[in-house]
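Worksheet: the structure to be examined is printed underneath.
Where a number appears in this text, it was derived from the coordinates with a stated rule and is not lab data. None of these values were measured; they are calculated from a predicted model. Cβ placement follows ideal geometry from the backbone for every residue including glycine, while neighbour counts extend to all protein chains displayed.
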Amino acid sequence: MSLEPPATEELQKETGLAAAKARPLAALRHRNFRIYWAGQAVSLVGTWIQNVALAWLVLELTDSAFLLGLVGAAHFAPVLSFTLLGGVIADRFARRRLIIVTQTGLMLVALTLGFLTFTGLVEYWHVLVLAFLVGMAGAVDIPARQSFLVELVGREDLMNAIALHSSVFNAARFVGPAVGGLLIASFSLPVCFFVNGFSFLAVLVGLLLIRTADRPADGRDLKKVWAEIGEGLAYIRNTGTVLYPILLMAGLSLFAFNFNVLVPVYAREVLHQGAEGFGFLMGAHGLGALLGAFYLAYVSHWGPRTQLLVAGAAGLCLAQLALVPVGLCWLAWLLLLCAGLAMMVFAGLVNTTVQLAVPDRLRGRVMSVYSLVFLGMMPFGNLLAGTVARFWGAPAGFALGAVLGLVCLALLCGRLVSEAATGKERKRTDVVG
């Protein structure tokens, strides 16, 4: 498929794509999005600081890669179990108010972690329980936030908003781990948790300042929940341009997204790094993802490109495979940067493809499925990666995940290209008609 924009102005208008001129900051012309974006910029840095601190805390408490993987499983298991219900909730209630509730809950969890570590009372089971509570909040928060973007910018600038939202998320992936490593080395673990807790104030204040038409709660019978979930699943099953990217996302999320488990073990056992070095390694992954998000924002006027989606998936797996024999910190840093860039290109294009295809009335439910495969597969992936790293080391974990990810890509690549070509031809036919 070509990287050139669609050939005609009529087709651009019909498919919702902008003119050939790039507008990488188009979504920021909307006041509501600017406020939301700024709040997320602060809060997400705090979240990544906490992610680094939590991983290091578990290793200090247990010295076990397997138990670290179990914490990841406790975090993401509720996403696997309850995100579909969360999508129904996001379609029934005012999303802005839902996000306020879930973000408040996440703030309280962070402050609780800070208190427990500061007082020296923290135990491994505390971490497991709090990780599970974070997952429960995320089961509602993630589909609500994903489907909230269209309320902030409308459909015209939706793709650009997705890319800019991803850019601030991945800027935090770059800044947060590095800052987290420095805070652990210079101060202590509790500082990281308190910083994250107070960072939620930025997003909460922003949500209170945003002016949207909050719809009243939907009074539909709760007995119809499964029917509504089924409607969303049926749409995905019958829409190949959505189904196959989501299936590929499921495979890579399971096998190739396990950096949170493998990198801390890799940093300690292979590269012989402490908390600061671990933080900079995770920061490299975040910097690569940030560069990928900036690229997607710049080309958002073109619309999603299947060849880039495939290239991102392949690049992610190959970068991990290249990490296996590496024992040099600078080379590992560079490869993690490449892995982060490829991962962002892949994930951003899957998100964009789904968001542009889904009708508004199904948005919450379809995005809950996207969230389910993006995050809900990670409990199994974390356990697999943690187990492999425990018995054979982190390089073996990277190798197995990369090979299985490439197998998933090989199985689905033809379907992705075929469905993209069919969808493109259908749009051309509609314009001519």
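Stretching the chain fully between THR387 and GLN307 yields a gain of 25.4 nm (0.36 nm per residue, less the alpha carbon separation).
A Förster radius of 41 Å combined with the Cβ-Cβ distance from ASP360 to LEU334 puts the calculated FRET efficiency at roughly 0.45.
If you plug the beta carbon distance of ALA234 and VAL205 into 1/(1 + (r/R0)^6) with R0 = 35 Å, you get a FRET efficiency near 0.30. Between VAL403 and HIS126, the FRET efficiency estimated from the beta carbon spacing at R0 = 56 angstrom works out to 0.95. Taking THR212, THR104, THR83 in turn, the Gaussian network model of the chain (Cα-Cα springs below 10 Å) assigns the largest fluctuation to THR212. Annotation for VAL225 and TYR298: the two label points, set 7 Å from Cα along the Cα-Cβ direction, are 4.6 nm apart.
The alpha carbon centroids of the range 250-309 and the range 161-186 are separated by 11 Å. Distance between the pseudo-spin-label points of THR212 and ALA185 (7 Å out from Cα toward the beta carbon): 4.0 nm.
With contributions of -39500 (n - 2.57) from each DSSP H run of at least four residues, the per-residue ellipticity at 222 nm computed over the chain stands at -28000 deg cm²/dmol.
One chain, two ends: LEU318 and PHE198. Fully extended at 0.36 nm per residue, the span grows by 39.4 nm beyond their Cα-Cα distance. Each residue, LEU25 and ARG97, gets one label point 7 Å from its Cα in the Cβ direction; the gap between the two is 3.5 nm. Taking springs between alpha-carbon atoms closer than 10 angstrom, which of ALA38, ALA342, ALA289 fluctuates most in the Gaussian network model of the chain? Highest fluctuation of the listed residues: ALA38.
GNM on the chain, alpha-carbon springs under 10 angstrom: the most fluctuating residue among ARG96, ARG34, ARG237 is ARG237.
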